[in-house]
Structure formats: structure tokens, C-alpha cells
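Undergrad: This structure is in C-alpha cells; I'll ask about it shortly.
The values are calculated or read from the model by the stated rules, or taken from the named source; none is laboratory data. Treat the numbers as computed from the prediction; the structure is a model and nothing was measured. Neighbour counts run over all protein chains shown; Cβ positions are idealised from the backbone, glycine included. Heavy atoms of the whole protein, side chains included, go into the accessibility calculation; ligands, DNA and RNA do not. Shrake-Rupley method; radii C 1.70, N 1.55, O 1.52, S 1.80 Å.
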Amino acid sequence: MNILFYTPFNLRSRDTESLMEAFIKQGHKVSVLTQAEEGVYHENCRKLGVDVYTHVLTKKNSFVYFIKHTLYLIKFCKKNKIDVLYAHLETAGLPAVLAQYFIKAKVFACRHVIDEAYLFNSKNFVILTRIVYFFAKNIIVVSNRCKQFMMDVESVSEKKIRVIFLAYNFKLYQEPNKDTVAEIKNKYPADILLIVACRLVAPKRTELAINVTKKLIEKGINAKMIILGTGPDFEKIKEYIVNNNMSNYIFMEGFKLNVMDYLSASDILIHPSLSDSSSVIIKEAGLNKKVVMACEGIGDVDDYLVNGQNAILVSKENTEPQMIEAVIELSKNKGKMEALGNNLHAIVSERFSINNILTTYDKIHNAIQNKTK
């Protein structure tokens, strides 16, 4: 079969990379077409044996922009005889669902967020989301909560939605570099080194994580925090750190490719986000056997995280005081921290392994092949 991944990515996406690698090993021909210029994503896809293409347009008029992408996608699919198309994120999803009426490929719109458009109060994002999943004939979501949200809030038919967990070949992650990990620890010495890694936007609540660190220091805990990531709130958060006299305790490192080194050097991932469908950073923390503190009821955390067993789950309403209390308790019990990290590693390694999820895609591909015979 000829399989196409259509995305706006140019940074690493190890879940899609893992699927591409697995499909190639099964004998399928796999291509990736991105709306973004080449980056590390393209480099790694080539190493896996994927045929890599880009089609980059300047977005001036949204209607014209999406129509141009749609026309190109139709031409691309016909030329390359694509049998199945996986479109990831809504900017790729719209051209894909419009193109589905003019190509033989079976099109799947793959959704990675739940209510982000609504949390941002972005009218354009909400409209785009609703259009994509109204026209989509086949939808893949990465969590049960996302499926329920689409049915309840967006009135999307249950028959169109499949829940398929993110799938990883965890070997695509490089082992943390011991020297780099040591350098990070030496640079930020503390009894408890916290880390936040996310896109710097309001729903991620980075300021709340800063407040947690500030209160810990006020209570006599020798804590520091590293913030990884970039986004529209970068300067705002930087200013917030300065205004709260936390420049000696909280450090903004920006976007980093070696997130695993930073996670390995840290003790606890602080993740107060309100906008996840299936958080990647939680899984990466699990691979590093680290403690994760996250909010219950967000994304798929309730499906595989158990408070006090493999993570610390707090309420969305009382996140700050509950995280502070939990960090203080864990700082006195390093054995508990180790147990939480080990247990998280075990569940992440099993639940999201490509070996356990690939059969779901096999059923999709077999059905398509049988239909074409």
C-alpha cells in the first residue's frame, strides 16, 4: 500500500515517526508531505526510509491558502497513487477532508487536541476545527475524553471516530547524555529540581508553576525550576519571573531538542496544563522514571495515571496548594519518588508501545486492501 502522512510538522514527532517506521517494515511505501519547510522531522523521516516532500505556502488569505493546499494534495495523491492518507492537525486536516471527494485514498483526520480552540477563545480555530470534523468521514483521536468531547460539544457522529492511542517505538528516543545531564545538574544545583516543558501559552499555566516554586522557597525548600519551550507568552513569563524576584531560582531555557537530558537531570515534572489530549511530555518523563504532577480530568491522564501510585494528580481548581504540599512530602521521601517514577515508566512503556497498537492500524489497512481487491 501507498501511505501518506500529511502534516504541518517540521520538528520531531516520534509517534508519527514510529508509525512510519512500522509501516515500512511491513512492506508499505510511506511518504510524508508537510506544509512546513524542512527541519529535523524531515531528516529523521528520511533515515527511516520515508519519501519526504514539502509544499510551503505563504498564508495571506485563509480561503485561498487552504484551496491551494487542497489542489496540490489532490494532484500529489493521484500522482503517487496514495491508498490511505493520515492528516495530522487541523491545518492539514482541512485540505485533506476537502480532497477526499476527488481522490481514491481513504482519508483519516487525526486530532491531537480536545478543547484547545475553546480555551484560547479563538473564533477562527473553533471554526476550522468544526469544519474539519464535520466533513471528515474518518477521524482518529488519541484519547477517550477527546471522543466524548467531540460527541457532546461538537455533535460529531460516534460512528466516524476511532480512539487509537499514541504509538511509540521508544528506541527512537536517544538515551540521555550523562555528561550533559551532569552539566545541567551542576548549573542548577538544588535539593529538588523541577521542570516545566510546554508551549508557552495561557492554558498551560506556567505562571502557576512559577508560584509553586516561589512558595516552596518561602517554606525553606531548596528548589529550582527549569522552563523549556517557547510561544507567544515567552516574554510575559520572563517578566513575571523578574517581577516576582525569582531570577535566581527559575530559568527559561527556550526550545531544546534534548528534552530527555533535561528530564533526566530533573526530579519532578510540574504539568498544570488545562489543554492536553494525550500529553507527550508526561510520557517522556515516564521514560526517564521521573515523578509527574498533573491535573486530573485533563486529556487521558485519568486513563492510565493513578494518584499516589504512578503519578501525583491534583485538582484543576486547587492545583497550586496541592502541588506545593505534594512536593514538600516527596522531598522528605526519595523512596516514594523513585517508586512513582518506576511505576510510570512501566505503564507508559506498555500502554503506548507501537507493538501493542500496530494491530489497530493493520485492521484499517487490511480493510482497505480487501475492498480494492
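Undergrad: What number, in nm² with one decimal, is the all-direction average of the projected area of the convex hull of the alpha-carbon atoms of the stretch 24-76?
TA: That works out to 4.2 nm², a quarter of the Cα hull's surface.
Undergrad: Something else about it: Can you give the extra length, in nm with one decimal, that the chain gains between Glu317 and Leu208 once fully stretched, where that is 0.36 nm per residue apart less the Cα-Cα distance?
TA: Residue separation times 0.36 nm, minus the Cα-Cα distance, leaves 38.1 nm.
Undergrad: Using only the heavy atoms of the protein chains and a 1.4 Å probe, how would Lys47, Lys214 rank by accessible area, largest first?
TA: Ranking Lys47, Lys214 by accessible area, largest first, yields Lys47, Lys214.
Undergrad: If you roll a 1.4 angstrom probe over the protein chains with everything in place, what fraction of the accessible area of the chain belongs to carbon and sulfur, to the nearest %?
TA: Solvent-exposed carbon and sulfur of the chain make up 49 percent of the total.
Undergrad: So how far, in whole Å, is the C-alpha centre of the stretch 117-185 from the one of the stretch 297-373?
TA: Centre-to-centre distance over Cα atoms comes out at 15 Å.
Undergrad: Right, here's the next one. About the Cα centre of the stretch 163-246, how large is the charge dipole given +1 on each Lys and Arg Cβ and -1 on each Asp and Glu Cβ? Please answer in debye to the nearest 20.
TA: Values: 13 positive and 9 negative charges, 30 e Å.
Roughly 140 debye for the stretch 163-246.
Undergrad: Distances over 13 Å make up what percent of all Cα-Cα pairs in the stretch 205-279?
TA: Result for the distance tail: 69 percent.
Undergrad: Can you list residues from other chains, or at least 5 along the same chain, whose modelled amide H is less than 5 Å from the amide H of Met225?
TA: Distant-sequence amide H within range of Met225: Leu194, Ile250, Phe251.
Undergrad: Tell me the relative contact order for the chain as a rounded percent, counting alpha carbon contacts under 8 Å between residues six or more apart.
TA: 14 percent
Undergrad: Another question, if that's okay. Between Phe135 and Asp179, what FRET efficiency follows from the Cβ-Cβ distance if R0 is 45 Å, with the result rounded to 0.05? Please report the intermediate quantities before stating the final value.
TA: Values: r = 51 Å, r/R0 = 1.13.
The calculated FRET efficiency here is 0.30.
Undergrad: So, one more: With a probe of 1.4 Å, find how much accessible area the chain has per residue, and write the answer as a whole number in Å².
TA: Result: 46 Å² of accessible area for each residue.
Undergrad: Over the residues of the stretch 91-159, compute the C-alpha Rg and express it relative to 2.2 N^0.38 Å. Write out the running numbers ahead of the final one.
TA: On the way: Rg = 11.8 Å, N = 69, 2.2 N^0.38 = 11.0 Å.
That ratio works out to 1.08.
Undergrad: Another question about this same structure. For the pair Ile127 and Asn333, what calculated FRET efficiency results from E = 1/(1 + (r/R0)^6), where r is the Cβ-Cβ distance and R0 = 51 Å, to the nearest 0.05?
TA: In this case the efficiency is close to 0.55.
Undergrad: Two decimals, Cα atoms only, Kirkwood Rh: what is Rg/Rh over the stretch 180-312?
TA: With Rh from the inverse mean 1/r over Cα pairs, Rg/Rh is 0.93.
Undergrad: Between Tyr249, Tyr262, Tyr86, which gets the highest mean-square fluctuation from a Gaussian network model of the chain, Cα cutoff 10 Å?
TA: Taking springs between Cα atoms under 10 Å, the residue moving most is Tyr249.
Undergrad: Next up: Restricting things to alpha carbons, tell me how big the stretch 164-223 is in terms of Rg and Dmax, in Å.
TA: Both quantities, over Cα of the stretch 164-223: 15.8, 45 Å.
Undergrad: Quick one: pull the percentage of alpha-carbon pairs in the chain with a separation above 33 Å.
TA: Here the tail beyond 33 Å accounts for 32 percent of pairs.
Undergrad: Oh, and also: Send over the semi-axes of the stretch 65-212's equivalent ellipsoid, whole angstrom and largest first, taken as the square roots of 5 times the C-alpha gyration tensor eigenvalues.
TA: Semi-axes, largest first: 36, 21, 15 Å.
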